[in-house]
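Heads up, the thing below is written out as structure tokens.
The values are calculated or read from the model by the stated rules, or taken from the named source; none is laboratory data. As the structure is a prediction and not an experimental result, all values here were calculated from the model. So basically every Cβ, Gly included, is an ideal-geometry build from the backbone, and we count neighbours across all protein chains shown. What goes into the accessible areas is simple: the full protein's heavy atoms, side chains included, and nothing from ligands, DNA or RNA. Shrake-Rupley method; radii C 1.70, N 1.55, O 1.52, S 1.80 Å.
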Amino acid sequence: MWRVWGVTAVQSITKVKELPLAFIGAGLSEMAYTVLQDRKMTFFHRCFRDRMSRLGFDEVWRGLRLTVADAGGTVEADALTSMAEACWSGLPYHPQSIGHHAWALAGSPSRPIDAVVAATAAARAEHDLIEKLVVPMWHDLVVYFS
């Protein structure tokens, strides 16, 4: 129900004084068969959609390195490589989750992200990916096609 309320709120904002509004969001392609099939989601039906390509190793590696550095932290070279290699899904959520867990586990920016922290962060991000993306996606698809 919160999704419908959120869309309604966005639609109301777009009508206030005819102000321009930009919305940038990301979702799994499976949304085309679930959320976007809902007739109440008219705002999303009118949005321009662009399919993102999968993130590659170099993009993930660079994104993790720059994000940690920009926040004042450090990440050891072997830890950075293992975190980037762990992002097999190509989804932007994956490196974001690994980075989040690594930062918290290391106690950054006070301490660097090392290989032990990177391995634990990768395992936690894997769990997040399955529980927060894959399981709900399969549930929505099963409900839709039932």
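Arrange the residues VAL68, VAL134, VAL116 by how much accessible surface each exposes, largest first, with a 1.4 angstrom probe. Let's see the in-between values first.
Details: VAL68 15, VAL134 55, VAL116 105 Å².
Sorted descending by solvent-accessible area, the residues read VAL116, VAL134, VAL68.
Between THR67 and ARG51, the modelled label-to-label distance comes to 2.5 nm, taking each label 7 Å out from Cα in the direction of the beta carbon. Taken along the Cα-to-beta-carbon direction at a fixed 7 Å, the label points for TRP88 and ARG39 span 4.2 nm. Amide H to amide H, with H built 1.01 Å from N, ILE113 comes under 5 Å of THR74, VAL75, GLU76, counting only residues 5 or more places away or on other chains.
When nucleic acids and ligands are ignored and a 1.4 Å probe is applied, PHE145 ends up with an accessible area of around 140 Å².
Here MET137 sits with roughly 30 square angstrom of accessible surface, probe radius 1.4 Å. Evaluate segment 56-121: find the radius of gyration of its Cα atoms, find its Kirkwood radius, and give the ratio Rg to Rh. So for segment 56-121, dividing Rg by the Kirkwood Rh gives 0.91.
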